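Reading through the structure tokens given below for one structure.
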Amino acid sequence: MSTSNKLKILHFKSGLTKQQLAYLFGVSPNAINLWMAGGHMSPTYEDMLDRLTTLVNGLPAKGAKNRLKLLLTPGSSGYSEFDRLRTRRNYVQGE
């Protein structure tokens, strides 16, 4: 499956907006649009896409609205899964 299709499916299944996806990836919304249109995605971002897709597919919820709620709702630590993903991305890129 193409990277473009993977990203489109993730966008649909997760309920995340393009702006939220851009924030997670640390890129502009224009980059998300470019990737969705078939533009080149670096291997680092492809890996992030695969990990995010695995996470979203493993959420115990049906429907984008419920998955989005699980991604954005803070857990007992006070951080949402969305927050943890963003923090992890910053850590990996900072190495």
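The values are calculated or read from the model by the stated rules, or taken from the named source; none is laboratory data. What you see is a predicted model, and the numbers here were worked out from it, not measured in a lab. We place every Cβ from the backbone using ideal geometry, glycine too, and count neighbours over all the protein chains shown.
Computed quantities for the displayed model
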quantity: Residue within the stretch 27-34 that is within 21 Å of Ser80 (Cα to Cα) and surrounded by 13 or more Cβ atoms within 10 Å (Cβ to Cβ) present; calculated: yes
quantity: Residue satisfying all of: in the stretch 55-83; loosely packed, with under 14 Cβ neighbours inside 10 Å and within 16 Å of Phe12 (Cβ to Cβ); nearest to the chain's Cα centre (by Cα) among these; calculated: Asn57
quantity: The one condition in (1) at pLDDT below 90; (2) within 13 Å of the chain's Cα centre (by Cα); (3) within 22 Å of Thr3 (Cβ to Cβ) that Gln93 fails to fulfil; calculated: (2)
quantity: Failed item in (1) closer than 17 Å to Leu85 by Cβ; (2) surrounded by fewer than 17 Cβ atoms within 10 Å (Cβ to Cβ), with Leu52 passing the rest; calculated: (2)
quantity: Hits in the stretch 8-25 (condition: within 19 Å of Thr87 (Cα to Cα) and surrounded by 15 or more Cβ atoms within 10 Å (Cβ to Cβ)); calculated: Ser14, Leu16, Lys18, Gln20, Leu21, Ala22, Tyr23, Leu24, Phe25
